1. Specify which of the listed residues (ARG427, ARG436, ARG486) is without any contact (Cβ under 8 Å) to a residue 40 or more places away in the chain, farther than 22 Å from LEU357 by Cα and among the basic types (Lys, Arg).
2. Can ALA298 be described as in contact with a Pro (Cβ under 8 Å, 6 or more places away or on another chain), at pLDDT 95 or above and crowded, with 18+ Cβ neighbours inside 10 Å?
3. Looking only at region 118-166, count how many residues are under 29 Å from ASP302 (Cβ atoms) and not in a loop (DSSP other than H, G, I, E, B).
4. Suppose we filter region 443-460 for residues that are over 16 Å from the mean Cα position of the chain (by Cα) and at negative phi; how many remain?
5. Need the failing condition index for SER159 against (1) within 14 Å of the ligand (Cβ to nearest atom); (2) crowded, with 22+ Cβ neighbours inside 10 Å; (3) within 24 Å of ASN378 (Cα to Cα), just the number.
6. Kindly state which helices (runs of 4 or more DSSP H) lie completely within region 167-267 and contain at least 3 residues that are out of contact with any Phe, Trp or Tyr (no Cβ under 6 Å at 6 or more places or on another chain) and away from the ligand (no atom under 15 Å from the Cβ).
7. Among the numbered conditions (1) surrounded by 22 or more Cβ atoms within 10 Å (Cβ to Cβ); (2) of a type outside the set (A, V, I, L, M, F, W, C); (3) not in a loop (DSSP other than H, G, I, E, B), tell me where LYS24 comes up short.
8. When you go through GLY363, GLY375 one by one, which is the residue that is under 20 Å from LEU115 (Cα atoms) and either not assigned by TED's automatic domain parsing to the domain that holds GLN426 or not in a strand (DSSP E or B) (or both)?
Amino acid sequence: MNQTLNVAIIGGGFAGIGTAIRLKQKGIEDFALLERGTSAGGTWRDNTYPGAACDIPSRLYSYSFAPNPDWSHTYSGSAEILGYIEHMVEAFDLRPHFRFGHNVTDVRWNDATSLWDITFDAQPTMHARTVVMASGPLANVSFPAIRGLDTFTGHKIHSARWDHDYDFTDKKVAVIGTGASGVQIVPELVKVAKSVKVFQRTPGWALPRVNFETRQTTKDLYRRFPTVQTAARKAWFWGHESVALGVVWNSPLTRVVEAVGKVHLRRQVADPWLRRQLTPDFRAGCKRLLMTSEFYPALQKDNCTLVTWPIATLAPDGIRTVEGIEHQADVIVFATGFDVCKTGTPVPIRGRGGRVLADEWSGGAKAYKSVSVAGYPNMYFTFGPNSGPGHSSALVYMEAQIDYLVDAISFALSRDVVLDVREDRQRDYNDDLQKRLQHTTWNSGCSSWYLTEDGFNATMFPGFATQYVGQLKAVDYDDYAVSEYRPLSRSPR
Ligand code: N01
């Protein structure tokens, strides 16, 4: 096997697969998808908890270059999304490019060879002219730093590593966390468990999610007339753009979003005390909005209890809250989110002259247009710093990144050059970005996985999706230092 690749893509989830498809469509075939797991799918392979679904409509949570007329519902479940991903792998013949069981441990630029050296825990080192970091922000699960975590003798399950062998029937279940995952899991567990206690630290803003089944006639229409499907996607796109003014920016329209949330709560929860416990005390959008019509009704089932006392410690038989009550549990479900890398890098990355990206990002990650980082030539990030949408589909943003980086890769390969984004362009871009972030809901005073402990926002893009996509429409090579690729200076191996 050729161990010096034109492109190494790290991660075989949505971003890696999208990159692979676009590379192939540009005629670039010498690439590998380096995946630590044993199958494709990334977060949608890992998140198989009951009720797992996307809270963005499937028409928009899919690639425009791989439209799927067969989405069964407005919002699809995780199995269907994984099926879509697997279908892309087959339809675009990506399987030969996959290297499963390749757990990257180090990525290092070699100044002498102008190549990236990629090392693994159990595979020989590879070399690549280009690296695309597509490992995703939500890959590593996070167990909270709760006292006594190891003392609990019952079963522990994390939302993103579901144990499908565990039978919840007639069990006493505790769920910690009421974020996007928690609100999807609880309605499913109350259907089978004896009791479900939901431990909520911070109530979030929830908006209704109305999920319609797609009729066969609609699917047929989309198949026969793809432009109709494109139009439907555009309609969803602009629908989401229209809510950005209230969700992205801390503006008078944020009050309108909050009013919708309050009406939703009032319509679904009659008990004023429960309503009060579920009422957020931060601006809507600051944390990710919860799209659910099932969570509040589930909490009011006879076998479900909301616990809002802070957790003091886990005990052998359950969870003890600070007022001294011990809540017995057979199993604890941790819907406590992910270990999101905002101040380091998912794997050690060394650039020109041995510079270490984790050190440069120790105060918060920064990149140029979220895709390139100065000093790390021919390396591109998907879902890189400040590329998160608060109001639209991550895949819309990802598609823009992919098209941009594939253009840059194609340019560099065809002209035998190395592209390194200019430090001044990156600095100016980030100075402006951070100023704009001050006016957003995310920076309006709540804690979320979007911010570092110091409150630095390295995650979200402060604008419309149209602006994000627009800035990546074309690569401006003036933004990059372009140098000759000198393969002859390659050191002997
Ligand atoms: O994780 P989260 P998630 N004691 O970090 C609580 C994506 N996603 O897995 O808010 C008690 O949002 C924590 O409480 P608090 C999406 O991007 C997408 O739910 O920090 N509680 C919170 O309630 C999302 O943003 C879909 O006070 C503790 C919860 O655990 C991202 O994944 C579906 C605690 C963690 O919420 C993460 O969502 C699902 C402690 N010590 C997920 N520590 C789609 O539909 C944490 N918590 C696309």
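1. The match here is ARG436.
2. So ALA298 fits the description; yes.
3. Total satisfying the criteria: 4.
4. First, pick out the residues of region 443-460 that are over 16 Å from the mean Cα position of the chain (by Cα): 443-447, 452-456.
Next, from what is left, pick out any that are at negative phi: 443-444, 446-447, 452-454, 456.
Here the count works out to 8.
5. (3)
6. Working: elements: 182-189, 216-224, 226-247.
In region 167-267, the matching helices (runs of 4 or more DSSP H) lie at 216-224, 226-247.
7. Going through the list (1) surrounded by 22 or more Cβ atoms within 10 Å (Cβ to Cβ); (2) of a type outside the set (A, V, I, L, M, F, W, C); (3) not in a loop (DSSP other than H, G, I, E, B), LYS24 breaks only (1).
8. Details: GLY363 fails: under 20 Å from LEU115 (Cα atoms).
On inspection, the qualifying residue turns out to be GLY375.
The values are calculated or read from the model by the stated rules, or taken from the named source; none is laboratory data. If you're wondering where the values come from, they're calculated on a predicted model, not measured in any experiment. Reconstructed Cβ throughout: ideal geometry from the backbone, glycine too, with neighbour counts over all protein chains shown.
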